[in-house]
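Some notes on the structure that comes next.
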Amino acid sequence: MPPFVQVEQLKKSFGKLEVLHNISFRVDKGEYVAIMGSSGSGKTTLLQLLGLLDTPNEGTISINGIATISLSERKKDIFRNQRIGFVFQFHELLPEFTALENTMLPALIRGDSFRTARKKAEELLEVLSLQHRSAHKPSELSGGEKQRVAVARALINKPDLLLADEPSGSLDEAHKEELHELFDNVKNNWGQTMIIATHDNHLAQRADRILRLEHGVILS
């Protein structure tokens, strides 16, 4: 069976600074992979390339059999919306919208009707034990609740791939553990393919596999 995610000879530079050097790895469907490395190792840059937020200087990326780098900008936008879910360190929720509305947004952008998007969002928030907070805006939510809303938003379009960049970095220990268990459930109960960049050793140890990235090179 071909790999679900295949990265070959990926290079990325910013001017004379080479951030990623000949990165190659594979991820199977349903696999949970953690990428660990010190600050400046290239973890965020790698996730941005996987998520089609940036373009490498050299190399190829294939996700579910699709060579993403060769897509037009319009097709990249569609692919990103429909096939990739993002969870960021600081949740990136829109402050003027409620938890329910923030969760609905990717589905509405995809073209779902308001009624369909609302139903999907309500179901996700219930699964994540947030139904009682659905009418609250981000300023009224705890840090852990904001990240769970961010996870719901990332999952609403049932993406091929879930990417998370330091998702527990801004959380206290109690909320970190909640998020760790949430990722476990997403992987085990939904079979979601996930790549998570993290400094958090406890989170990384729960993954199926750890890739260590240092100075733009995968060590293991």
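When restricted to residues that are within 20 Å of Lys146 (Cα to Cα) and assigned to a helix (DSSP H, G or I), the range 188-220 contains 1. Taken together, the criteria place Thr44 among residues that are under 20 Å from Ala204 (Cβ atoms) and of a type outside the set (A, V, I, L, M). Number of residues in the range 79-90 that are in contact with a Leu (Cβ under 8 Å, 6 or more places away or on another chain) and either open to solvent by 60 Å² or more (accessible area, probe 1.4 Å) or aromatic (Phe, Trp, Tyr) (or both): the value is 3. Within the range 78-94, take every residue that is closer than 15 Å to Ile195 by Cβ and among the hydrophobic types (A, V, I, L, M, F, W, C) and give me the one that is modelled with the lowest pLDDT. Among those residues, the one meeting the criterion is Phe88.
When Lys76 is tested against the conditions (1) surrounded by 15 or more Cβ atoms within 10 Å (Cβ to Cβ); (2) assigned to a loop (DSSP other than H, G, I, E, B), the lone failure is (2). Among residues of the range 166-194 that are on the phi > 0 side of the Ramachandran plot, those with a Cβ under 7 angstrom from a residue that is modelled with pLDDT under 80, sequence gap 6+ or separate chain, pair up as Glu166/Gln89.
Can we say Leu108 is closer than 30 Å to Ser168 by Cβ, open to solvent by 50 Å² or more (accessible area, probe 1.4 Å) and either part of a helix (DSSP H, G or I) or modelled with pLDDT of 95 or more (or both)? Before the answer, list the steps.
Numbers: closer than 30 Å to Ser168 by Cβ: yes; open to solvent by 50 Å² or more (accessible area, probe 1.4 Å): yes; either part of a helix (DSSP H, G or I) or modelled with pLDDT of 95 or more (or both): yes.
In short, yes.
Here Thr45, Thr103 are screened, and the one residue that is assigned to a helix (DSSP H, G or I), in contact with a strand residue (DSSP E or B) (Cβ under 7 Å, 6 or more places away or on another chain) and open to solvent by less than 60 Å² (accessible area, probe 1.4 Å) is Thr45. Here Ala174, Ala117, Ala135, Ala121 are screened, and the one residue that is touching a helix residue (DSSP H, G or I) at 6+ places or on another chain (Cβ under 9 Å) and closer than 26 Å to Thr44 by Cβ is Ala174. For the range 6-23, the tally of residues that are in a strand (DSSP E or B) and open to solvent by 40 Å² or more (accessible area, probe 1.4 Å) stands at 9. In the range 157-185, the residue that is most open to solvent (accessible area, probe 1.4 Å) out of those that are modelled with pLDDT of 80 or more, in a loop (DSSP other than H, G, I, E, B) and under 15 Å from Glu92 (Cβ atoms) is Glu166.
Tell me, yes or no, whether the range 49-72 has at least one residue that is in a helix (DSSP H, G or I) and touching a residue at least 40 places away in the same chain (Cβ under 8 Å).
The answer is yes; a qualifying residue exists.
For the range 26-43, residues that are under 17 Å from Arg83 (Cβ atoms), in contact with a Ser or Thr (Cβ under 7 Å, 6 or more places away or on another chain) and either without any contact (Cβ under 8 Å) to a residue 60 or more places away in the chain or not β-branched (Val, Ile, Thr) (or both) total 3.
For the range 85-103, the condition of being without any contact (Cβ under 8 Å) to a residue 60 or more places away in the chain, farther than 30 Å from Glu140 by Cβ and touching a Phe, Trp or Tyr at 6+ places or on another chain (Cβ under 9 Å) holds for none of the residues.
The values are calculated or read from the model by the stated rules, or taken from the named source; none is laboratory data. If you're wondering where the values come from, they're calculated on a predicted model, not measured in any experiment. Please note: Cβ atoms are built from the backbone with ideal geometry, for glycine as well, and neighbour counts cover all protein chains shown. All accessible areas refer to the heavy atoms of the entire protein, side chains included, with ligands and DNA or RNA removed. Shrake-Rupley method; radii C 1.70, N 1.55, O 1.52, S 1.80 Å.
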